[in-house]
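Worksheet: one structure, shown below.
No value in this document is a laboratory result; all are computed from the given coordinates. Predicted model, so just to flag it, every value in this text is computed and none were measured. Every residue, glycine as well, gets a Cβ built from its backbone with ideal geometry; the counts of neighbours run over all protein chains shown.
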Amino acid sequence: MAVMTDVSTTSAALRSPASPQAVATVKEVNAEKLRFIEEMTSNVDAVQERVLAEILGRNTETEYLTKCGLAGATDRATFRAKVPMATYEDLQPYIRRIADGDRSPILSGHPVSEFLTSSGTSAGERKLMPTIEDELNRRQLLYSLQMPVMNLYVPGLDKGKVLHFLFVKSETRTPGGLTARPVLTSYYKSDHFKNRPFDAYNNYTSPTATILCADAFQSMYAQMVCGLCQRIDVLRVGAVFASGLLRAIRFFQLNWEQLAADIEGGALTPQVTDPSVREAVAGILLPDPELAELIRAECSKGDWAGIITRIWPNTKYLDVIVTGAMAQYIPTLKYYSGGLPMACTMYASSECYFGINLRPMCDPSEVSYTIMPNMGYFEFLPVDAAASGGDASQLVDLAGVEAGREYELVITTYAGLNRYRVGDVLRVTGFHNAAPQFQFVRRKNVLLSIESDKTDEAELQRAVERASALLRPHGATVVEYTSQAYTKSIPGHYVIYWELLANGPAAGAGAAVDKTLDRCCLEMEEALNTVYRQSRVADGSIGPLEIRVVRSGTFEELMDYAISRGASINQYKVPRCVTFPPIIELLDSRVVSSHFSPALPHWTPAGSEECSA
Ligand code: AMP
């Protein structure tokens, strides 16, 4: 049994979708992929053992494994005895050297082809994950398993199209000349994606040129026009994460008049200037006054409930991740889609792609991902052990996890991460064959998240400290604070509740203080990490930060409320983030003034911040 079975769809027959031969081949390919899943999930431990041997075999000469004293061993027992668990901070000196141009085999025996910029940060900067050329094949393989599974639940998806909003983001170079970019940007720009054979199950309404356009507005506009023109063909609507799909809906709300005008005349707005995008759209955008009229009729009502199915009437489900931090968007997506099912198909990261959902049409609250044992070597640190630091001796194998227990995910990858703590907490919900299935519980230490940003408690604390210093000249200080990720509007934004203490008779009031509080919002944004600032500046996917000043005594009321619900008075700590509706209501009912960031914080794609390890 080959660990990395090649089940890619390169058959020439697939290039001509209509032929009976192609239909037969698609069926065969689907069956082959389902067999592959059965094989992988039935032989979890054997596959894992082989994957580890393969990884250690190819990385045996690396500086890192040599230092661990592996001495060429590729067996589990030696690996367990010699290799410690590692965090990003442990690996950073090695990663920095690779970024600076050291081409010796430091972490990986295969050349590092580029860096993937994670949305996880370290000291405010994106983590840089080294990757190698053949990881693309593994990612491609995992993608190729999704639709054969989906086809078991929703047949006929090969008879239409998918409106999937996909985007590339900016990329930079490390001082040593390696490209650094997000994993999806890397994938969309790869030959695997650009030169993919026709796939009836992944027939996008968006031409590749519109996806590859780096200008966020032009890309979104062009993808929206193409999606509208092919609205009857669309069988599923999606984006990678829920926040991305909501951004697309917001874009539609803001731009429907121009979109309708373009469709009426069959001519693309001059706002889209990219020649390759214009050329790609030209074949799809033809004059269609009827469609323009329909868009105007649906959008001018000002009622956006069910807009997705009103515009794309054949949509069977939303293809969008709503697990983890994205669960906060489920009610809004239900509103816009009239309650369509939401399919969370995949669980992946910059470090490694992990697995797929074998029951993609289940309710979001029941989503479990099955980790594919061929993707990397997976170990699990029980959360109780993780809470007290945790050491490698407590790690459990993929085949050894227990149903009902929670674990932190620890991975060893082909690209050279060894026993690396990803930071995700997963709960075992059951098994498919011998393969455990995991519910995504949470990302460790994430307090606030609107999109891919992840702000932890320490970052928020630092931001509050930095901003509150601006109040000192006004004789005011922040005595307590908490926060919420506000997602009722699109884009969502951070709301920080402040209770102030005025130190003098005239302190803490007046227009000057109001202005300063606005500046405090911006100062907090400046203090937040690069992913937050990029989302604010380049993507517009997070709105201006808001400070809501609450009246004196509010946080005491908060404590009284918690105690009335059973909290211990001795152990009570102010929650630094609130999600429970009655608490939010209490806070909001005590707001005396509210302030928004008046400008965008600083962020640049280039420069050292993106490239430094
Ligand atoms: P990045 O490396 O920036 O792509 O982020 C990867 C992280 O996103 C993972 O480690 C998870 O915390 C989160 N993530 C990815 N896929 C899912 C999913 N299906 N459900 C919940 N969280 C996810």
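So the values come out like this:
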read-out: Extension gain from residue 198 to residue 153, taking 0.36 nm per residue of separation minus the Cα-Cα distance; value: 14.0 nm
read-out: Extension gain (nm, one decimal) between residue 567 and residue 46, 0.36 nm per residue minus Cα-Cα; value: 182.8 nm
read-out: Three-way shape call for the chain based on the alpha-carbon gyration tensor, with the a/c threshold at 1.5; value: oblate
read-out: Listed pairs 127/515; 33/189; 169/488; 194/488; 27/169 exceeding 30 Å between Cα atoms; value: 127/515; 194/488; 27/169
read-out: Förster-model FRET efficiency, 35 Å R0, residue 261 and residue 233, C-beta, rounded to 0.05; value: 0.95
read-out: Rounded to 5, percent antiparallel among DSSP beta bridges of the chain; value: 75
read-out: Spin-label model distance (nm) - residue 25 vs residue 67, 7 Å beyond Cα toward Cβ; value: 4.9
read-out: Overall form of the range 322-462 per C-alpha gyration tensor (a/c, 1.5; a/b vs b/c); value: oblate
read-out: Computed label-point distance, nm, for sites residue 433 and residue 300 using a 7 Å Cα→Cβ extension; value: 5.8
read-out: Hypothetical label at residue 394: residues of the range 64-90 whose amide nitrogen lies under 13 Å (7 Å Cα-Cβ projection); value: 85
read-out: Pairwise centroid distance, computed over Cα atoms, of the range 14-87 with the range 273-335, Å; value: 38
read-out: Two-site label geometry, residue 384 and residue 76: point separation in nm, points 7 Å out along Cα→Cβ; value: 2.3
read-out: Global geometry of the range 139-295, whether rounded, prolate or oblate, following the gyration tensor of its Cα atoms and the 1.5 cut on a/c; value: oblate
read-out: C-alpha center-to-center spacing [the range 534-558, the range 369-410] in angstrom; value: 36
read-out: Mean residue ellipticity (222 nm) of the chain, computed from DSSP H runs ≥ 4 via -39,500 (n - 2.57), nearest 500; value: -11000 deg cm²/dmol
